[in-house]
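The values are calculated or read from the model by the stated rules, or taken from the named source; none is laboratory data. Predicted model only: the values in this text are computed from it and were never measured. Ideal geometry is used to build each Cβ from the backbone, glycine not excepted, and the neighbour counts take in all protein chains shown.
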């Protein structure tokens, strides 16, 4: 029976990083993938969605540049060509994640279904092999809620959306989180009539309330119908009305009907953990059905680690990559490396973008109580935003009682790039006022962070004014 230093189950980002990293250290490494390497990010997530968003952005800019003196008489969207661009982006990136590339890096690759048969053994389609350590990186799949009649209309998900050949005339999006907001805006800009139904009381419920409000304003200005605080209760189909989503307000009990041609379900994801033989391996699950791990990504079986969406810690590709790298350190070298999830940023790639790292203002107040500081720089006062005609954003910094940066939110163009600066400051334990003492190129978008930092500096100086005034008077007296 073959025996490996590391067996990785799942060929998405977490698994790829771990497998290549381990093989690069000379460890005998096996990666098992039952479908195709690359994972959701390559095939149904990051890559295709950003390619589609780019096509939608160009259509939107062409239609909406008259205020800058640029007039386009007619904008025609070729949906098939837009989807061809999506597939081209996938095809260009795919070789980097392919089995051929993995084998060149020294990774053994098996296509098949893996199942644990013991605490240090797996079986792949009848073939048994042992391991010193293993990593579960099986990802997650879109969740489809048990809404009456929903399954009968074959709803779209972020997995199946990419098979569309025609642009839906009327699209309902269930879920106003990051995936629903990104794809809803993209299809609206490509020409669909879009309605977003979100059960929470606002879009992007994980973000700052002000970020949600700005996004709602932007969406509604583009013609997207936002139905927050609304619950989907059933789907009906008949000859007279076609497909109809029935909704109600949990707060008021009011009901309504929304006709549609296609419905996209984006209400969350479910970790893929079934049929892995976890009982035989002694691996426990959380209440959400995810692989339970400690802060070093070890499962209840200390030989086995887990990472990526299977853990449901933070469902982002860059988090999965960090998990993969951490598992290599801990499994191969016996280190106790950890991933600080509060120091990892994420971005919702809507327009405007919403970027976030660390604690929100509410989370900071819950953790630290009194003394939390929140400073904001508005894009209405940012020269680059004024010159670009994009004054609808802001940058917000959150500080703990000692003034150290513990969180930030940026809403606006290129927010995803700007948030990286905050991550660096946080890693160095910087205080809110520190950013403004760094010179930023003019005029740039990340000067909004300096503006927010300047607000803190001004507030600090204002507190010192009585003391500095006294010192100045004392100095003048001593000079007499």
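The set of residues from region 204-248 being outside any loop (DSSP other than H, G, I, E, B), touching a helix residue (DSSP H, G or I) at 6+ places or on another chain (Cβ under 8 Å) and closer than 26 Å to residue 355 by Cβ comprises 215, 219, 226, 228.
Can you go through 408, 380, 385 and tell me which one is buried (at least 18 other Cβ atoms within 10 Å of the Cβ), assigned to a helix (DSSP H, G or I) and not assigned by TED's automatic domain parsing to the domain that holds residue 186?
Working: 408 fails: assigned to a helix (DSSP H, G or I); 380 fails: buried (at least 18 other Cβ atoms within 10 Å of the Cβ).
Matching residue, one of 408, 380, 385: 385.
In region 114-144, the residue that is surrounded by the most Cβ atoms within 10 Å (Cβ to Cβ) out of those that are part of a loop (DSSP other than H, G, I, E, B) and out of contact with any strand residue (DSSP E or B) (no Cβ under 7 Å at 6 or more places or on another chain) is 139.
Of 10, 24, which residue is in contact (Cβ under 8 Å) with a residue 12 or more places away in the chain, within 14 Å of residue 324 (Cβ to Cβ) and in contact with a strand residue (DSSP E or B) (Cβ under 9 Å, 6 or more places away or on another chain)?
Values: 24 fails: in contact with a strand residue (DSSP E or B) (Cβ under 9 Å, 6 or more places away or on another chain).
After ruling out the rest, the residue left standing is 10.
Within region 62-107, the set of residues being surrounded by fewer than 16 Cβ atoms within 10 Å (Cβ to Cβ), in contact with a helix residue (DSSP H, G or I) (Cβ under 8 Å, 6 or more places away or on another chain) and farther than 24 Å from residue 165 by Cβ comprises 72, 95, 105.
Hey, among the residues in region 411-431 that are more than 16 Å from residue 378 (Cα to Cα) and in contact with a helix residue (DSSP H, G or I) (Cβ under 7 Å, 6 or more places away or on another chain), which one's surrounded by the most Cβ atoms within 10 Å (Cβ to Cβ)? It would help to see each step written out before you state the result.
The first filter runs over region 411-431 and keeps only residues more than 16 Å from residue 378 (Cα to Cα), leaving 416-417, 420-431.
If we keep only those that are in contact with a helix residue (DSSP H, G or I) (Cβ under 7 Å, 6 or more places away or on another chain) as well, we get 421-423, 425-427.
Values: 421: 17, 422: 28, 423: 17, 425: 22, 426: 20, 427: 11.
The selected residue is 422.
Counting only residues that are in a strand (DSSP E or B), in contact with a helix residue (DSSP H, G or I) (Cβ under 8 Å, 6 or more places away or on another chain) and farther than 19 Å from residue 270 by Cα, region 31-41 holds 1 of them.
Residue 188 - would you say it is under 30 Å from residue 304 (Cα atoms), outside the structural domain of residue 291 (by TED's automatic domain parsing) and not in a strand (DSSP E or B)?
On the way: under 30 Å from residue 304 (Cα atoms): no; outside the structural domain of residue 291 (by TED's automatic domain parsing): yes; not in a strand (DSSP E or B): yes.
Answer is no for this residue.
In this entry, residue 327 passes the filter for residues that are crowded, with 24+ Cβ neighbours inside 10 Å, part of a helix (DSSP H, G or I) and touching a strand residue (DSSP E or B) at 6+ places or on another chain (Cβ under 7 Å).
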